[in-house]
Amino acid sequence: MPAPVPQSTAAPDLAGNIRIVLVGTQHPGNIGAAARAMKTMGLSRLVLVAPEKPLDDDAQRRSAGAEDLLQSAPVHATLAEAVADCRLVLGCTARSRRVQLEQLEPDAAAGRLLQFAAADTVALVFGRERTGLTNEELQLCHASVHIPSDPAFSSLNLAAAVQVLAYELRLALLAAAPADAAIPRSDDLGATHEQVEGFFSQLAETLDAIDFHKGRSPDSAMRKLRRLFLRTDLTVNEVRLLRGVLADAQRMARLAGEGEGGRLSP
Ligand code: SAH
């Protein structure tokens, strides 16, 4: 078992528990392309079961920089051996089989895998290019996964199928643990009621200072302004900016009212 490769995903522990198992792959190039599909989505645990040919230049080339996944991929003789320690095993099939197996769509499969990956190793299994998974191999799975392709042309390229499922897993991983970048800084948080009211008080004072109301009651204008600003969901930063503008307006009004000092210099 290789040590989990450090992840760049939002939830490295979860991704590290997800094994992508390729069974009996015929074209090494497809293994390379599958590794690339996985790595773009933050997955690293590739496992091979009895590939028809050893990894070659084509596999390297089509991995496009995901050679580390190829190098660390264990090779097993049978699927049973590859998933022996897994709590949940899902098998991807291009067509409905006669085996009595629950069939999941990709997003539901990703959700189920993540649920189990919180505590245990899970496996998502892909079959041979020509013949897919055997019925015996599907019997080892807890459920099957089908990408709802056109029934008249239902079979995706192996690496394309891996990409679709890896993408669904990525979405589920991101939803489970939002990236640090998505956590707002405290200044970007919504302003509190008290902060917004402080701004409204200063706005009212400023409108008086610049004689905005010209003898009219300030109530109507203030009501409209309150409605406008409350609709915008002000952040702490925005309240600070607006209060800075008001402070300058108040300063200028003071200068203007100070006779001599009222000569506004540019
Ligand atoms: N002719 C094979 C298809 C093999 S495609 C068959 O009929 O089973 C290689 C592998 O890609 C499949 O074993 C499966 O794991 C995956 N795959 C391809 N198309 C898929 C689809 N529509 N849904 C789910 N998995 C698919």
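Below are the figures for this structure:
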read-out	value
Checking GLY91 against (1) in a loop (DSSP other than H, G, I, E, B); (2) surrounded by 22 or more Cβ atoms within 10 Å (Cβ to Cβ), the condition it does not meet	(1)
Flag for ALA109 being out of contact with any Ser or Thr (no Cβ under 8 Å at 6 or more places or on another chain), of a type in the set (Gly, Ala, Ser), farther than 11 Å from VAL21 by Cβ and open to solvent by 20 Å² or more (accessible area, probe 1.4 Å)	no
Among (1) aromatic (Phe, Trp, Tyr); (2) open to solvent by 30 Å² or more (accessible area, probe 1.4 Å); (3) within 7 Å of the ligand (Cβ to nearest atom) - the single one PHE116 does not satisfy	(3)
Top-ranked residue in region 126-159 [being within 9 Å of the ligand (Cβ to nearest atom) and not in a loop (DSSP other than H, G, I, E, B); ranked as most open to solvent (accessible area, probe 1.4 Å)]	ARG128
Candidates ALA191, ALA209, ALA166 - the one that is within 16 Å of the ligand (Cβ to nearest atom) and not basic (Lys, Arg)	ALA166
Positions within region 16-36 being crowded, with 22+ Cβ neighbours inside 10 Å and farther than 16 Å from SER72 by Cα, in sequence order	VAL23, THR25, ASN30
Lone unmet requirement of (1) farther than 18 Å from LEU158 by Cβ; (2) free of Cβ contacts under 8 Å to residues at least 40 places away in the same chain for LEU48	(1)
One residue from ALA66, ALA117, ALA73, ALA82 being under 19 Å from TYR167 (Cβ atoms), among the aliphatic types (A, V, I, L, M) and in contact (Cβ under 8 Å) with a residue 40 or more places away in the chain	ALA117
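The values are calculated or read from the model by the stated rules, or taken from the named source; none is laboratory data. Keep in mind that this is a model prediction, so the values were computed, not measured. A quick note on method: Cβ atoms are made from the backbone with ideal geometry, for glycine too, and the neighbour counts reach across all protein chains shown. These area figures cover heavy atoms from the full protein model, side chains too; ligands, DNA and RNA do not enter into them. Shrake-Rupley method; radii C 1.70, N 1.55, O 1.52, S 1.80 Å.
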